[in-house]
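Trainee: Here it is, the structure in full.
The values are calculated or read from the model by the stated rules, or taken from the named source; none is laboratory data. What you see is a predicted model; the values in this text were computed from it and never measured. Here the Cβ positions follow ideal geometry from the backbone for every residue, glycine too, while neighbour counts run over all protein chains shown. Side chains are part of the model used for accessible areas, which takes the heavy atoms of the whole protein and leaves out ligands, DNA and RNA. Shrake-Rupley method; radii C 1.70, N 1.55, O 1.52, S 1.80 Å.
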Amino acid sequence: MTFKNKVIWITGASSGIGKGLVLALSKMDCQLIISSRNQSDLDDIKYSLPNPEVIAVLPFDLVNYDAMSPIAEQAINCFGKVDVLINNGGVSQRALIVDTAISVDKKLMDIDYLGTVALSKALLPHFIKNKTGHYVVVSSLMGKFSSPYRSGYCGAKHALHGFFDALRMEHDKDNIKVTMICPGFVNTNVAKNALVGDGSKQNSQDAATENGLSISDFTEKMIKAIKKEKFEAYIGKKEVFGVYLKRFFPKLLHKYVLRSQVR
């Protein structure tokens, strides 16, 4: 696929991977709809770019998953269509299961799974009507295998794969594509913003995240995967081999993760 003349909607666009995608895609002759909770941050990004006229700001909160239909309509009305939805918004976790309140598990599921699913379902009739559309879902390597301190996050990310694999099969006849992007460690604020057991933010960086891929390197690889319409793409450093260890040597992966205890 090409991005030329496409309308691309990006959630979680005000920081990290989402902001990196905005900066990269703004150079690719397409129109962007950028979303997150913080309108002022989105406005700052829009007007920092040389072509703000092709960027629409649409703030909303993924946790309000019962109100996604009017949000999808607003997005369509920005430029008359949406060709690609990049589901990037979400939150991570850093807490042991025994220390995590069930309300935190629910919040992770509400944002990372139900918010993403509800938004995608709200846009689905538009894709079906146009007989084309592309969902890009930023999952995680934690959507393919698990790690301590991330139980609720892993559960939500695993669920995304189940849902979007089914969507891909049901709507192959409608020329609707699904690309699952599975990042490893990327140097963003994801660890700082991760929820601990009581639902507050961790507010500290970890070495693995800090030493991960740069945002620019990651987004370059992600954009290539979208262009190739890959079903899944695992993007990171040596941590991506965990996907294959889980598939062929699950006990070996179990022992490795226990030894490393990466937080």
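Trainee: Can you spot a residue in the stretch 98-110 that is within 25 Å of residue 150 (Cα to Cα) and part of a loop (DSSP other than H, G, I, E, B)?
Mentor: Scanning the stretch 98-110 turns up at least one residue that is within 25 Å of residue 150 (Cα to Cα) and part of a loop (DSSP other than H, G, I, E, B).
Trainee: For the stretch 196-216, give me each residue that is open to solvent by 70 Å² or more (accessible area, probe 1.4 Å) and either under 29 Å from residue 168 (Cα atoms) or within 15 Å of the chain's Cα centre (by Cα) (or both).
Mentor: Residue satisfying the conditions is 216 alone.
Trainee: Any idea how many residues of the stretch 66-89 are farther than 20 Å from residue 30 by Cβ and either assigned to a strand (DSSP E or B) or out of contact with any Phe, Trp or Tyr (no Cβ under 9 Å at 6 or more places or on another chain) (or both)?
Mentor: So the count comes out to 4.
Trainee: Can you tell me which residue within the stretch 27-37, out of those that are out of contact with any Phe, Trp or Tyr (no Cβ under 7 Å at 6 or more places or on another chain) and more than 21 Å from residue 2 (Cα to Cα), is surrounded by the fewest Cβ atoms within 10 Å (Cβ to Cβ)?
Mentor: 37
Trainee: Give me a count of the residues in the stretch 7-26 that are in contact with a Leu (Cβ under 9 Å, 6 or more places away or on another chain) and either open to solvent by 50 Å² or more (accessible area, probe 1.4 Å) or in a loop (DSSP other than H, G, I, E, B) (or both).
Mentor: 6
Residue-wise test of (1) of a type in the set (S, T, N, Q); (2) within 26 Å of residue 185 (Cβ to Cβ).
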site: 4; (1), (2): no, no
site: 18; (1), (2): no, yes
site: 21; (1), (2): no, yes
site: 30; (1), (2): no, no
site: 33; (1), (2): no, no
site: 38; (1), (2): yes, yes
site: 50; (1), (2): no, no
site: 64; (1), (2): yes, no
site: 70; (1), (2): no, no
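Trainee: Go through the stretch 154-175 and give me each residue that's farther than 20 Å from residue 142 by Cβ and touching a residue at least 40 places away in the same chain (Cβ under 8 Å).
Mentor: Selection gives 167, 168, 171, 174, 175.
Trainee: If residue 63 satisfies all but one of (1) crowded, with 21+ Cβ neighbours inside 10 Å; (2) under 16 Å from the mean Cα position of the chain (by Cα), what's the number of the condition it fails?
Mentor: (1)
Trainee: Give the residue that is most open to solvent (accessible area, probe 1.4 Å), with candidates limited to residues of the stretch 218-263 that are among the aromatic types (Phe, Trp, Tyr) and in contact (Cβ under 8 Å) with a residue 24 or more places away in the chain.
Mentor: Top of the filtered list is 231.
Trainee: Further question: Report yes if residue 40 is open to solvent by 10 Å² or more (accessible area, probe 1.4 Å), in contact with a Leu (Cβ under 9 Å, 6 or more places away or on another chain), polar (S, T, N, Q) and within 27 Å of residue 192 (Cα to Cα), otherwise no.
Mentor: No: the conditions fail for residue 40.
Trainee: Does any residue of the stretch 34-44 turn out to be in contact with a strand residue (DSSP E or B) (Cβ under 7 Å, 6 or more places away or on another chain) and part of a strand (DSSP E or B)?
Mentor: Yes: the stretch 34-44 contains one or more residues that are in contact with a strand residue (DSSP E or B) (Cβ under 7 Å, 6 or more places away or on another chain) and part of a strand (DSSP E or B).
Trainee: Moving on to the next point. Filter the stretch 175-187 down to the residues that are over 29 Å from residue 101 (Cα atoms) and not hydrophobic (A, V, I, L, M, F, W, C), then identify the one that is surrounded by the most Cβ atoms within 10 Å (Cβ to Cβ).
Mentor: Going through the qualifying residues, I end up with 179.
So that you can scan it fast, the table gives a plain yes or no per residue for (1) open to solvent by 50 Å² or more (accessible area, probe 1.4 Å); (2) of a type in the set (D, E, K, R); (3) under 21 Å from residue 7 (Cα atoms):
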| site | (1), (2), (3) |
| --- | --- |
| 146 | yes, no, no |
| 161 | no, no, no |
| 166 | no, no, no |
| 173 | yes, yes, no |
| 189 | yes, no, no |
| 194 | no, no, no |
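Trainee: What are the pairs, 6+ residues apart or on separate chains, where a residue within the stretch 92-115 that is without any contact (Cβ under 8 Å) to a residue 60 or more places away in the chain and open to solvent by 50 Å² or more (accessible area, probe 1.4 Å) has its Cβ under 8 Å from a residue that is basic (Lys, Arg) and assigned to a helix (DSSP H, G or I)?
Mentor: Correct list of pairs: empty, since none qualify.
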